[in-house]
Every structure is written in structure tokens, then in C-alpha cells.
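Below is one structure, written out as C-alpha cells; the observations come after it.
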Amino acid sequence: MTDAARIQKTYTIEPHRGFLDLRLSELWRYRHLVFMFMRRDLVAGYKQTILGPLWLVIPPLISTVVFTIIFGEIAQLSSDGTPRVLFYMSGIMMWGYFNACVVGNASTFTSQSGIFSKVYFPRLIVPLTNVLTTTISTTIQFLMFAGFLMYYMAQNLTEGPNITAFLLPLLLLVSASLAIGVGVLLSAITAKYRDLSFLVSYGMQLWMYATTVIYPLSSVPEKYRFLALLNPMTSIIETFRHAFLGSGVVPWGGLLYSGVVAGASLTIGLLIFNMVERTAMDTV
Amino acid sequence: MTLSLSVENVSKRYRLGTIGSGTASDDIKRWWSTKIMRRGDPLSPLMPAIDHGNRDGDILWAVRDVSFSVDEGAVIGIIGKNGAGKSTLLKILSQITAPTSGRIRVNGRLASLLEVGTGFNGELTGRDNIYLNGGILGMTPPEIRRRFDEIVDFAEIEEFIDTPVKRYSSGMYVRLAFSVAAHLEADIMIIDEVLAVGDIGFQKKCLGKISDSSSAGRTILFVSHRMDHITALCPRSIVMQAGSLVHDGPTEDALSYYYRLFDTVEASPLAERLDRRGRGRVRVLDVWIENQSGERVETIITGQTLVFKMRIRNMTGKTVGNLSAGIGIFSFSNMFAASLSTTEGGLGAFSVEDEMIVAFRVERMSLNQGQFYLNCSVRSATGAYEFDDLIENAKTFHIDYGDFHGIGQSGGGFVSIEHHAETEVVEAHTDKSPQANAVG
């Protein structure tokens, strides 16, 4: 053991920790663990599968086909003048990102109880890993979307991305913040009440219908549009579609609102998670 | 000398029942019934949970007002019976759960091994798992890289390092898992029973590794039921009983204090003991050992003929059938040594009307010298095997070396095994090696 490498640090373990003491420096010391967990999830997840990482793009592709047939061809819902395949794929992809982050984070304590009950490390590592892993899968899905987009552009069926496409990282950041906030809040509750974890996936399904995934904001009656925009995910998907498919406009006010809601939920979620994580293993 | 660890008045309280329901609807039911309707708790268990003497109504003090401090480089053993609070104390020290009150000062990097191989993933290779497990235990990638060869070497798995660990034998798996743990770069290590794994040879190697690290100035807290391991490693030990620290001193004194704990519990008559489990249709009133002439004995001699007897009473008023009774014999290091039961003893299921004595006749006691305790139980002979009554540590007794084989001396080891020795004349072994020929 080299003395230089040794972190001689004195600390105390007490019943309560400051409400605002998120111990972010400790999180930073354990940053390498995030990459190890990501590697585990990405490598181990697809070993002994025939299609491997193709599983990342197959489900959204199938959903796109199904949505195009059911909501597009049969129900004749508007796709805001854009090609239906691209319209549904963009919605499915962006919603899928948010959904996977929330659902994954909501089971933080229950899915990791084997490790959590034996070793201490900052528990926030787990939701952080989940969000980053999901970001990688979504990036791969985005490449598929880009392929389809180029095909439709070559056919002159859509005008393609505009300058607002540079907002994409911001859109992902706001979705991720909202998802961490909502997800860790749910994880704090499901750690104690297992039955609520059934409600999570059902609730997310309902939330999807309240979001402009299968319909555009423009088809919502004018007087109810503000209601649709109260849902922070709506502006994100609308902005994405405007950026890459040229439909509608960027709801700047809505986007700002989404950012504020995401920031608030992230703060509340983290504070409550911080409070609950210290005794969560007594109840799981 | 600087302090590595100082534990000041640490307690951990669990509220029984209120954290147990686990579903929101049950909690709402309980809240409605107890707080609004002012009735009893609809979900409280009918039989009280086992009591190790640390309950206070609905409140269980898993750890109660524990204080001690550890100097840098010291090795401390923590001993106590099951349920004494050792594991909870370790969980608090490892920050897995927070204490209810009190404070702990930690000086240096603390690593805890409540289990080896935490987070191992079967799909990943040995190499990947070393990095993953090391990371979970708090090592950084450069630290792991620096000690990687040592870890692989210690685990003796060089040729399988790039094989997924799910293909490993259980021995290889445990060796790798322990090897990562043994190479942690921590100032303070907490080790819980992890040596109970692996083969004897590897266990010895691990014990050696631990004593090496203690001589290298590392502070170690060691929990084990193996008193021989505690004696070998720890000059000082603390004894826990019912959540409290009841003794702190040289290991030799701590062990004799620990052994005396068994006597004091036993001092209360069996029929009045409250720390029993089961639905209670039938209860064990007494358990004792008789020698051949029918006298009660506390000390047994190996090879003796004995009768273990249990007096049981039917508490229901009508005949209870389909019963099975048994006695488990445990060494003081908590090793399950032997079992006696109506099933194994050829009686089969029996029924009890009022009171009866169940006797287990042992023709020749084969356990060798040592201190033992026994658990006794009555339960259903079939179906769910649900306990009617189970009392742990119902009686302690001592076994002295005896002439099991009838040769005027005692056998060695844990048990005496009846055996016959013989010789057989065979043809001389012909060795064709040149050297043998030269000699021949």
C-alpha cells in the first residue's frame, strides 16, 4: 500500500445526515464504479443472445410499425404532415428514453438489494448508471432514426433537420433530470411499499397517452393545449419533431417550463433519496 | 497510539411489525384500525416472535448503547450467539444502515466484507469481475491494476482468468472472490464469517493472509462462530448479548464469558422459557439426559449408553396427532453435530393426549470431548413440518473422552467411528524405474 495512494480521511457515522448534504464529493470518488456497472450491464446483458445489441433497435422498430398501422393507417390520426414512420419513431424513441430511465430508477433499491445489503457505496451510483446506460441505448436508436430520416430525405418526403437539432443534448438532459427526479422518488417509495412498483409501469403507460407520442400537439383543441403543455414531456417531443422533421414550432415557453419542472423534481427526488437511502435496507 | 475506530453509544432500533407489512394497503389497514378505530392491530402476529431478551414491547433493540474503541493495527474479535446484534453492528459500521442514535468516528478507509463476491456477474470473465468487485468494495481501477497479478495468483486461477465465472467450479469462484477481498487497500477491515467458505487448505491460506495484513498495521474487526479462528487471530474480543456489549477484554477471558452465557440462559426452567417458537399446541416442559441406571447426568463419557428424554405436554385439551419430536446437538462453536428424532429413531409419527415422555436411546455415544448444547423441538411429522415448539439452547452438557473402542484409550477427532482394521497380504510392488533396478 503506497502512502500516497492512501486516502487518510476521518469521518463520522451518525443517525442523521444534513438534509442538504448530498455528499457529492463522495459520489465523485466512486465515479469509476459508474463505468464498471455500465460495462457490466452492456456486456453481460447481451451475452448468450442471438441478436445481441440488435435488441436495442428491434422493439422500437416493431412499435413504430404497429403504431403506423394502427394509429396512422387505421385510426387516421394526424402526423402533422410528416412521414408517419418518422413521426411515430421519434415519439417512441424520446418517450422510450424517459420511460426506461424512470422505470429503471424506480427499482433502484429492490433490484440492487443483494449488493446494497452487503456493501456501502453512494447509492446514487445506481440511478446514474441506469441513466447513462439508457442514454447509450437511445443513441444507438437515434442512429437507426437517422438512417430512416436520410432515406425519407433522399425521397424528398421530409425537409430534414434544422438548426434547432442542436437542442438534442438539452432535450436529453431535461428528460434525464426529470426521469432521475421522478424515478428516485418512486424508488424511495417502492423500497417500502412493493405493491406500488406495479403501479409504476401502469402509470407510465397512462403518462404516455397524455404525452404527444401518438398524436401531434397541433391536433389537440386550442383551449386544451395549455393542459397538454403542463406535461413537461410534451414540449420535449414537440421540439424534437420540429428539429428533425420540421413539424410545428419550438414551444420555447413550454421548453423553459419543462426545464424548471425537471430541475425541481431532480432536487426534490435527490433530497428524499438522500434521506431514505440510509435506512432503506431495513425495509427492503 | 491513534484510534482507528471509536464507537460511542450506538443503538439501532427496529419497530416490530410496523416495518414488516411491506404493502401500502396493509399499512393503511393498520393505520385505520389502530389510529382511527382504536382497535387492535389486525396484522400483529398471533405468536410473538423469538425473543433474545432485547425486546421492549413492539420495539426491538438490535444494538443497544454499544461503545468501544479500536487502536490502529489492532485485531478485534466480535462474538455472541445468533441474534446478539453482531451483524447489525457490522452493518452500521459499514454504513449499510444508519444507527438510531450514537456516533461512530472512523479514521481511515474502511472496507467491509460481509460476504465475498458481492456483485459478481456470472456472464463476465474473471478479469472483469475482479475490476467490478474491487470497484464495489471501494478500490479504484489503478489500485486494482497494481494488485491484479497478486489477486490472480492468490486465487490460483491464472488459466481461467478470461473465462466467464459461471463456468468456474464453486471452489474457484470462492477463491477468486476472497482473493479480491484479501487484497483490498483499506486501513480498517470488517470481516464477517467469510472464512466459512472454501476448502480447508484455502481457509488456512486466508487466515494467513489476514494475519499478514494485521501485522502490516491494518485494523481488523472479525466476526466468526469459529472460536478457533477467533483465538488464532484476535488478541482481544468483545462479546455481544441481546444487542448490548457485555464483555470487552483479552480473547481468553471473552471466550469463558461467552461460554458462561449459555449457562445463565439455561438457568431458567425450560417450561418457563419465553424464547420459543412454534404454534404451541404441544410444549416441551423439560429435557434431560439419563445414564444406564436412570440417573440424570450433565457430563457424558464417549462410548456410554444414554437416554435423552423430553417431557412434552398437550396444551389444547384434545389429542394432537401426527407429531414428530427431535433434539439437535450443537458444539459451542455452533457446529451442528448430530440429530436425534422420532423419525430417525424408527418411531414414526405419534400422538399425545396429555403429557408424555419421549426418549431417545443412544447405545454408544460417539461424539468426542467438548462442550455442547441442544435444541429441542416438536412439530408436525408430515406436510409443512410446522413447529409446535422449538427451543434453542435448551440444555448444555459436557462430553469427556471415553473408551469408545474398548481398548483402554480414547479416539481422536470430533467423533469416534466404529471400525475394523485388517491387513491383507499382496504381491510386492515391482518398480520398473532404472534406479529401482539398479538397487534391485
Hey, any hits in region A:45-56 for a residue that's surrounded by fewer than 16 Cβ atoms within 10 Å (Cβ to Cβ), touching a Phe, Trp or Tyr at 6+ places or on another chain (Cβ under 8 Å), touching a residue at least 24 places away in the same chain (Cβ under 8 Å) and more than 14 Å from chain B (Cβ to nearest Cβ)?
-> yes
Kindly check whether there is at least one residue in region B:112-120 that is hydrophobic (A, V, I, L, M, F, W, C) and in a strand (DSSP E or B).
-> yes
Is it the case that B:Ile188 is within 13 Å of chain A (Cβ to nearest Cβ), among the hydrophobic types (A, V, I, L, M, F, W, C) and free of Cβ contacts under 8 Å to residues at least 40 places away in the same chain?
-> no
Breaking point among (1) open to solvent by 70 Å² or more (accessible area, probe 1.4 Å); (2) farther than 28 Å from B:Arg226 by Cβ, for B:Gln369 | (2)
Subset of region A:81-110 [open to solvent by less than 40 Å² (accessible area, probe 1.4 Å) and more than 23 Å from the chain's Cα centre (by Cα)] | A:Thr82, A:Pro83
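Residues B:Ala338, B:Ala325, B:Ala349: which one is in contact with a strand residue (DSSP E or B) (Cβ under 7 Å, 6 or more places away or on another chain), of a type outside the set (Val, Ile, Thr), open to solvent by less than 10 Å² (accessible area, probe 1.4 Å) and at pLDDT 90 or above?
B:Ala325
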Would you confirm whether any residue within region B:400-414 is modelled with pLDDT of 85 or more and β-branched (Val, Ile, Thr)?
-> no
Are any of the residues in region B:129-148 assigned to a strand (DSSP E or B) and either farther than 27 Å from B:Ile76 by Cα or of a type in the set (Val, Ile, Thr) (or both)?
-> no
Which members of region A:202-216 meet the condition of being without any contact (Cβ under 8 Å) to a residue 40 or more places away in the chain and either assigned to a loop (DSSP other than H, G, I, E, B) or open to solvent by less than 20 Å² (accessible area, probe 1.4 Å) (or both)?
-> A:Ala210
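Name the residue, out of B:Ile157, B:Ile76, that is touching a Gly at 6+ places or on another chain (Cβ under 7 Å) and either under 25 Å from B:Ser211 (Cα atoms) or within 7 Å of another protein chain (Cβ to nearest Cβ) (or both).
Only one candidate passes the filter, namely B:Ile157.
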Among (1) modelled with pLDDT of 90 or more; (2) within 14 Å of chain A (Cβ to nearest Cβ); (3) open to solvent by 20 Å² or more (accessible area, probe 1.4 Å), B:Glu193 falls short only on (1)
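A quick yes/no check of all residues on (1) open to solvent by 10 Å² or more (accessible area, probe 1.4 Å); (2) at the interface with another protein chain (Cβ under 9 Å from one of its Cβ atoms):
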{"site": "B:Ser69", "(1), (2)": "yes, no"}
{"site": "B:Ala84", "(1), (2)": "no, no"}
{"site": "B:Arg105", "(1), (2)": "yes, yes"}
{"site": "B:Val116", "(1), (2)": "yes, no"}
{"site": "B:Phe120", "(1), (2)": "yes, no"}
{"site": "B:Glu123", "(1), (2)": "yes, yes"}
{"site": "B:Thr140", "(1), (2)": "yes, yes"}
{"site": "B:Ile151", "(1), (2)": "no, no"}
Verdict on A:Gly72 being in contact with a Lys or Arg (Cβ under 8 Å, 6 or more places away or on another chain), farther than 20 Å from A:Ala176 by Cα and more than 9 Å from chain B (Cβ to nearest Cβ) = yes
Restrict the check to region A:111-123 and report whether at least one residue is open to solvent by less than 30 Å² (accessible area, probe 1.4 Å) and more than 14 Å from every other protein chain (Cβ to nearest Cβ).
-> no
Search result, residues across region A:165-201 that are open to solvent by 20 Å² or more (accessible area, probe 1.4 Å) and hydroxyl-bearing (Ser, Thr, Tyr) | A:Ser177, A:Tyr193, A:Ser197, A:Ser201
Given the structure, is B:Thr319 modelled with pLDDT of 85 or more, more than 29 Å from the chain's Cα centre (by Cα) and of a type in the set (Val, Ile, Thr)?
-> yes
How about region B:282-310: which of its residues are among the charged types (D, E, K, R) and in contact with a helix residue (DSSP H, G or I) (Cβ under 9 Å, 6 or more places away or on another chain)?
-> B:Arg283, B:Asp286
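Of everything in region B:104-129, what is more than 15 Å from A:Val119 (Cβ to Cβ) and under 28 Å from the mean Cα position of the chain (by Cα)? Give them in sequence order.
Once the filter is applied, which keeps residues that are more than 15 Å from A:Val119 (Cβ to Cβ) and under 28 Å from the mean Cα position of the chain (by Cα), region B:104-129 yields B:Ile104, B:Val106, B:Gly122.
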Where B:Arg55 falls short, out of the listed (1) at pLDDT 80 or above; (2) more than 7 Å from every other protein chain (Cβ to nearest Cβ); (3) out of contact with any Gly (no Cβ under 7 Å at 6 or more places or on another chain) = (1)
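Considering only region A:24-38, how many residues are open to solvent by 60 Å² or more (accessible area, probe 1.4 Å) and more than 10 Å from every other protein chain (Cβ to nearest Cβ)?
Of the residues in that region, 3 qualify.
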Sort through A:Gly248, A:Gly253 and tell me the only one that's of a type outside the set (Lys, Arg), modelled with pLDDT under 90 and more than 30 Å from B:Arg15 (Cβ to Cβ).
-> A:Gly248
Selection from region B:125-182 of residues more than 22 Å from A:Lys47 (Cβ to Cβ), among the small types (Gly, Ala, Ser) and out of contact with any helix residue (DSSP H, G or I) (no Cβ under 8 Å at 6 or more places or on another chain) yields B:Gly138
Counting only residues that are open to solvent by less than 50 Å² (accessible area, probe 1.4 Å), of a type in the set (Val, Ile, Thr) and farther than 28 Å from B:Ser256 by Cβ, how many does region B:372-414 have?
-> 1
Any idea which residue in region B:86-103 is farthest from the other protein chains (Cβ to nearest Cβ), counting only those that are free of Cβ contacts under 8 Å to residues at least 40 places away in the same chain and open to solvent by less than 10 Å² (accessible area, probe 1.4 Å)?
-> B:Ile96
Under the condition of being at the interface with another protein chain (Cβ under 9 Å from one of its Cβ atoms) and either in contact (Cβ under 8 Å) with a residue 60 or more places away in the chain or open to solvent by 20 Å² or more (accessible area, probe 1.4 Å) (or both), which residue from region B:125-136 is farthest from B:Ser67 (Cα to Cα)?
-> B:Asp128
May I ask you to say which residue of B:Arg236, B:Arg218 is more than 25 Å from the chain's Cα centre (by Cα), among the basic types (Lys, Arg) and either within 14 Å of chain A (Cβ to nearest Cβ) or surrounded by 14 or more Cβ atoms within 10 Å (Cβ to Cβ) (or both)?
-> B:Arg218
Qualifying positions in region B:239-258 - assigned to a loop (DSSP other than H, G, I, E, B) and open to solvent by 10 Å² or more (accessible area, probe 1.4 Å) | B:Ala242
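The values are calculated or read from the model by the stated rules, or taken from the named source; none is laboratory data. Computed from a prediction, not measured in an experiment: that's the story for all the values here. When we count neighbours, we look across all protein chains shown, and the Cβ atoms used for this are built from the backbone with ideal geometry, even at glycine. The protein model used for the area step is the full one, side chains on, heavy atoms only, and it has no ligands, DNA or RNA in it. Shrake-Rupley method; radii C 1.70, N 1.55, O 1.52, S 1.80 Å.
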